[in-house]
């Protein structure tokens, strides 16, 4: 224990004397939490819509006004023919064309569902698909004017206002832990290799376990500090607070920090330069992040890709933290994810110790 305490003092002194690292640890979470929730938004706005009204009835005019009033769309004007609206799409002046059929009003009065054509520019699949879905919802709601009278209603659970920031903030916490606890330990050891200071440790009787723990523990503490900053910023800026137990979130953060700091150290054990460690670490980070369900549902992936989520710590962390942070779930709700993260953390920690060689 005495050896470990001295090694920890050395690590904290190195971090404190580094003029850049303490600033990064504070500035990076602030930048991510203040900027990214506004940017990482799957809502689609500013979709330019051309309308071809072939009915000119009261009902069709009401539908046109509803589309104009929506904050998701920019009304591009009415066109006399579908060909003219399609020409606007082809020349980039419009994103979607809506064609209202001649019998629109009469079909609604007879209780029928008229066929309204929605032609979308799907070069940008997200914009075309979600924009078309918004339009389809407006048209459907307009057709069923008394939806609640027919017994149809919906209730949004947990995120009642469908605020995308509530969904993304837990994921941003995962990114912060992954980046700080993954890259910094990897660059730490490789930096000592390049400076030659690690050779002074290699000739001492310091055990590998103590050396690795001394390299990991400071970044685990940094992970807890970053999570606390994220909670405070989410509350102060967005008014978003954790619905479940904060201790569960800290437990998840600790397990993820152990995992990625161990991965970073294992990579540094096989790297000779900081550039090599950075590129290898980035390779794993990008793959684990994109396949974790952070941006898209994992069930949308092909089966052979979905199988990779069983060994992806980011997938378990994001699933668990959203359950606790957004839904207010307890330990019984995330027992599977906690167990999986614990196993992965134990495996990566063991790998970091075994792969460290005192004679480089």
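The values are calculated or read from the model by the stated rules, or taken from the named source; none is laboratory data. Model, not experiment: these values are computed from the prediction. Heads up, the Cβs are rebuilt from the backbone with ideal geometry, glycines too, and the neighbour counts pull from every protein chain shown.
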* Asked: Restricting to the range 99-114, what's the tally of residues that are modelled with pLDDT under 85 and either exposed (fewer than 13 other Cβ atoms within 10 Å of the Cβ) or over 41 Å from the mean Cα position of the chain (by Cα) (or both)?
  -> 8
* Do you know which residues across the range 42-68 are within 31 Å of the chain's Cα centre (by Cα) and either crowded, with 17+ Cβ neighbours inside 10 Å or assigned to a helix (DSSP H, G or I) (or both)? -> 44, 47, 48, 49, 67
* In the range 221-244, what residues are touching a residue at least 24 places away in the same chain (Cβ under 8 Å), over 19 Å from the mean Cα position of the chain (by Cα) and surrounded by fewer than 18 Cβ atoms within 10 Å (Cβ to Cβ)? -> 224, 225
* Asked: Which of the residues that make up the range 280-306 are exposed (fewer than 11 other Cβ atoms within 10 Å of the Cβ) and either over 25 Å from residue 37 (Cα atoms) or in contact with a strand residue (DSSP E or B) (Cβ under 7 Å, 6 or more places away or on another chain) (or both)?
  -> 302, 303, 304
* Asked: When you scan the range 179-200, how many residues do you find that are touching a residue at least 60 places away in the same chain (Cβ under 8 Å) and under 25 Å from residue 223 (Cα atoms)?
  -> 15
* Asked: So which residues in the range 218-249 are part of a helix (DSSP H, G or I), out of contact with any helix residue (DSSP H, G or I) (no Cβ under 6 Å at 6 or more places or on another chain) and over 20 Å from residue 32 (Cα atoms)?
  -> 246, 247
* Is it fair to say residue 7 is in the same structural domain as residue 165 (by TED's automatic domain parsing), farther than 29 Å from residue 172 by Cβ and outside any loop (DSSP other than H, G, I, E, B)? -> yes
* Regarding residue 37, is this residue modelled with pLDDT of 90 or more, under 30 Å from residue 240 (Cβ atoms) and touching a helix residue (DSSP H, G or I) at 6+ places or on another chain (Cβ under 9 Å)? -> no
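Condition check ((1) within 21 Å of residue 262 (Cβ to Cβ); (2) at pLDDT below 85) across all residues:
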{"position": "275", "(1), (2)": "no, no"}
{"position": "280", "(1), (2)": "yes, no"}
{"position": "296", "(1), (2)": "no, yes"}
{"position": "306", "(1), (2)": "no, no"}
{"position": "311", "(1), (2)": "yes, no"}
{"position": "318", "(1), (2)": "yes, no"}
{"position": "339", "(1), (2)": "yes, no"}
{"position": "343", "(1), (2)": "yes, no"}
* Asked: Got at least one residue in the range 23-39 being surrounded by fewer than 11 Cβ atoms within 10 Å (Cβ to Cβ) and under 24 Å from residue 192 (Cβ atoms)?
  -> yes
* Asked: Which condition does residue 12 not pass, out of (1) out of contact with any helix residue (DSSP H, G or I) (no Cβ under 7 Å at 6 or more places or on another chain); (2) over 24 Å from residue 232 (Cα atoms); (3) outside the structural domain of residue 104 (by TED's automatic domain parsing), if it passes all the others?
  -> (1)
